[in-house]
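Report on the structure given below.
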Amino acid sequence: MSAPILDHSVDGIEELDNPLPRWWLYLFYLTIIFSAGYVVYYPSFWFWPGTSGWSQEKQWSDTKIVKTASAAVEVSLSALAAKPEVLDAGKKVFMSTCASCHGNNAEGKIGPCLTDSTWKYGNEDKVILETISKGRPGGMPAWGTFLKPDQITSVAAYIHSIGNTTATPANATTPAAATPAAAATPTATPAATTATPIEESK
């Protein structure tokens with residue numbers, strides 16, 4: 001049975017009064033019901049905060065807290081340094097990213113030496129990880145945007161393992177030893193100057 005023809009036409013084209021498919025109508029009604037519930041549950045107007053309490057500021061704050069908490073998880077570099085596979089991976093990262101400034105053996109070139117015990121920002125686990133991830137003023141780049149988290153922890157474990165393996169460059173005994181020698185010099189000078197007039201008087 002054909003659909004009835006509507007009582008209007010344009011340029012000889014007539015329109016049939018075909019009803020919409022039922023599945024399409026049901027789906028349309030379902031979207032209306034869903035949108036009504038969405039408007040009630042979430043903030044949808046400037047005057048309506050929604051029943052869920054959700055907001056962009058809260059979502060951002062929660063995400064930031066999660067990221068901060070995950071970054072604040074303490075990693076035991078000593079435990080990681082005891083694993084040969086971690087040290088091997090960390091050394092590879094060091095050679096490819098750090099050796100150009102700190103030297104192949106971390107002896108120091110453009111960047112400071114990493115094998116002694118005198119570190120400007122400290123050699124605690126948290127400090128090492130923060131230095132690698134966020135960088136430091138004076139040329140240390142922030143590798144956190146280039147390296148993966150496992151690469152950062154592995155290279156941090158490697159640096160931790162080679163730290164404090166050489167003597168501290170500053171030698172505290174050198175200034176003390178030079179002091180007596182310097183003090184002896186002015187003592188001998190007056191003796192020499194007093195002897196000269198005696199001989200001349202004779």
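So if each residue of separation counts as 0.36 nm, and I subtract the Cα-Cα distance between Glu15 and Val40, what length gain in nm does that give?
Going from the current span to full extension adds 5.0 nm.
Multiply the residue separation of Lys148 and Glu124 by 0.36 nm, subtract the distance between their alpha-carbon atoms, and state the gained length in nm to one decimal.
Extra length available between Lys148 and Glu124 comes to 6.6 nm.
Between Ala79 and Leu27, with labels modelled 7 Å along Cα→Cβ, what's the label distance in nm to one decimal, could you check?
Between Ala79 and Leu27, the label points sit 5.3 nm apart.
Over its Cα atoms, what ratio of radius of gyration to 2.2 N^0.38 Å does the range 77-162 give?
So the Cα radius of gyration is 0.96 times the expected 2.2 N^0.38 Å.
Loop only by DSSP, 15 or fewer other Cβ within 10 Å of the Cβ. Give me the trypsin sites (Lys or Arg not before Pro) in the range 116-157 that pass, ordered by residue number.
Lys120
Taking H placed 1.01 Å from N in the peptide plane, check which residues at least 5 places from Gly108 or on another chain put their amide H under 5 Å from its amide H.
Those qualifying (amide H under 5 Å, at least 5 residues apart or on another chain) are Gly103, Leu114.
As an exercise, use a Förster radius of 41 Å and the Cβ-Cβ distance of Asp88 and Trp60 to find the FRET efficiency, rounded to the nearest 0.05.
According to the calculation, E is roughly 0.55.
Please give the charge dipole size of the range 81-132, origin at the Cα centre, charges +1 on K and R Cβ atoms and -1 on D and E Cβ atoms. Round to the nearest 20 debye.
For this selection, approximately 140 debye.
We did not get these values from a lab; they are worked out from the coordinates using the rules stated. Everything numeric in this text was worked out from a predicted model, so none of it was measured. Positions of Cβ are backbone-derived with ideal geometry, glycine not excepted, and every protein chain shown enters the neighbour counts.
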